[in-house]
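What follows draws every value from the coordinates through simple rules; no lab data is involved. All values reported here derive from a predicted model rather than from experimental measurement. Note that each Cβ is placed from the backbone with ideal geometry, even for glycine, and that neighbours are counted across all protein chains shown.
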There are 2 protein chains.
Amino acid sequence: MDDSLRERKKRQTRQALAAAALRLFTEQGYERTTVAQIAAAADVSVRTLFNHFPTKDDVLFGNDEHAAEIPVRVIAGRRPRESVSALLVRAYEEMLADNRVNGLGTDTAVLAGYVRLVTTVPALQARALRSNHQLQRRMAYALVEVAPELDLVGAAAMIGAVAGAAQAAAFMSMELGQSDRQFWAALRRGVETAVRGAAHPPRR
Amino acid sequence: MDDSLRERKKRQTRQALAAAALRLFTEQGYERTTVAQIAAAADVSVRTLFNHFPTKDDVLFGNDEHAAEIPVRVIAGRRPRESVSALLVRAYEEMLADNRVNGLGTDTAVLAGYVRLVTTVPALQARALRSNHQLQRRMAYALVEVAPELDLVGAAAMIGAVAGAAQAAAFMSMELGQSDRQFWAALRRGVETAVRGAAHPPRR
DNA sequence: CTGCAATCTTGCACATCATGCAACTTCTGG
DNA sequence: CCAGAAGTTGCATGATGTGCAAGATTGCAG
């Protein structure tokens, strides 16, 4: 990493903006928070905010692109004789493990607020769904590299099934106001359902 | 239907706006088209456009809510002894069949342009993904009504797997520039993959 | 230390989307 | 024909986002 004064200040500003945004969004709602307020809270001009983040919601999402690397790397590093479905499960497991550790610090309440925002606010929901879609796309390209028997459409279908099931289960869990524990369990259950196939209904 | 002069004019204006929007979006791109241009092309004021549609992208999407009813109704009308997976397949089949007939008239070129816009333009992509997510949510609630052995999270997982696989396969097909025929085939292949399960790789 | 170049920050003008409000027009039903 | 309902319009206003140029800060070579 570049540890020059410039780079440090830059990261500081970015971080201050992201923190201020998360705080204001959770305190008073996404729509009722203006970029001017975020900039003021981080003590920079509005124009500087837009120098760091292209849009308002990027202030919230912009730091997440790190997590998206994990499942792609896991797929690229497929182990010898590892089945495709096991590989996909592992990709998700490792991403979830990292999210719990790295997401936003280890503060559960902050993470919960973040998840609540994303699953609640239409604009953020749309943005998150799109990010997830882009991630799936990259995973599909990575998968065909290590699974030559699959074409891109087939790879996309398999990944889409796993990701779609996990996503839907997680959102539903959140909508039902379930606990943290149940939320992560729902995610895993979604992955499992997709791997087993919709034709094989879950055991009791 | 109310066939008063008022209602007819209202529908006319709506239709004119939607048509103008689709034409302008495909001709010159979504971002480079302003709401003022759309309103002018439909011969109404900008304010009237926003009376009919809450946002710019609703001018394109606003008429689609009809198609979303179909899979929910299919699920609600589950046949005796029909398996859940067969039911989900049928829900998607019937929606696709309707889309081909009803989508935007039967003009293939127009439909292709529409699909191209939705899969290409970030803002529209996000919006479409969100719509799809909402649809899945409603399907899950419908499913637990007719499949009492499932809870909401399990139902969401199954539907998410099918919808996610179909969506991912379709987007990938579009990204690869495949033909109409291949696009619909990819959709079906996605559904099939999800039903069979990611653990059971596709046969040759 | 000095000066120059690269980079970051800022203010300002401007385009666009979106909303509230009030006046005006058109349609409906009696 | 008339009174009220519904639709249309212009205007003011607020918010997001971009281009540009001037100013401040940092990095680096001499």
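Taking Cα centroids, how far is region A:126-156 from region A:30-86 in Å?
The two parts, judged by their Cα centres, are 19 Å apart.
When each copy gets a label point 7 Å from Cα toward the beta-carbon at A:Ala16, what are the spacings between them in nm, shortest first?
Counterpart label points of A:Ala16 in the remaining copies fall at 5.3 nm.
Let me have the relative contact order for region A:1-125, percent, based on Cα pairs under 8 Å that are six or more residues apart.
21 percent
Hey, fewest Cβ within 10 Å first, where do A:Ser173, B:Ser83 land in order?
B:Ser83, A:Ser173
When B:Ile75, A:Ile159 are ordered from fewest to most other Cβ atoms inside 10 Å of their Cβ, what list results?
B:Ile75, A:Ile159
Provide an ascending nm list, one decimal, of label-point separations from A:Ala40 to the equivalent residue in each further copy; define each label point as 7 Å from Cα along Cα→Cβ.
3.7
Quote the charge dipole size of region A:36-159 about the Cα centre in Debye, to the nearest 20; the model charges only the Cβ of Lys and Arg (+1) and of Asp and Glu (-1).
140 debye
Write down the Kirkwood hydrodynamic radius of chain B, to one decimal in angstroms, obtained as one divided by the mean of 1/r over all alpha carbon pairs.
18.6 Å
Over all directions, the average projected area of the alpha-carbon convex hull for region A:73-180 comes to how many nm²?
Result: 7.1 nm².
Using a ≥ b ≥ c from the Cα gyration tensor of the protein assembly as shown (square roots of the eigenvalues), is it rounded, prolate or oblate, where a/c under 1.5 gives rounded and otherwise the larger of a/b and b/c decides, a/b for prolate?
oblate
If a helix is a whole DSSP H run, which ones in chain A reach 20 Å or further along their own axis (Cα) and hold a mean Kyte-Doolittle hydropathy of at least 1.0?
For chain A, where a helix must reach 20 Å along its axis and average at least 1.0, the hits are A:152-175.
For A:Asp180 and A:Ala123, what is the calculated FRET efficiency with R₀ set at 35 Å and r taken between the beta-carbons, to the nearest 0.05?
The pair A:Asp180/A:Ala123 has a calculated efficiency of 0.90.
Considering only the label points, 7 Å along Cα→Cβ from Cα, what distances in nm to one decimal separate A:Glu145 from the same position in each other copy, shortest first?
4.7
With a sphere of radius 10 Å drawn around the Cβ of A:Gly113, what net charge do the other residues whose Cβ falls strictly inside it have (Lys, Arg +1; Asp, Glu -1)?
Within the 10 Å Cβ shell, the charges total 0.
Less than 18 Å apart at the alpha-carbon level, and either on another chain or at least 8 residues along: which aspartates and glutamates does that give for A:Lys10?
Qualifying aspartates and glutamates at Cα under 18 Å: A:Asp2, A:Asp43, A:Asp58, A:Asp64, A:Glu65.
If each DSSP helix of 4+ residues adds -39,500 (n - 2.57) and the sum is divided by the residues in the protein assembly as shown, what number results at 222 nm, nearest 500 deg cm²/dmol?
Helices in the protein assembly as shown give a 222 nm mean residue ellipticity of -23500 deg cm²/dmol.
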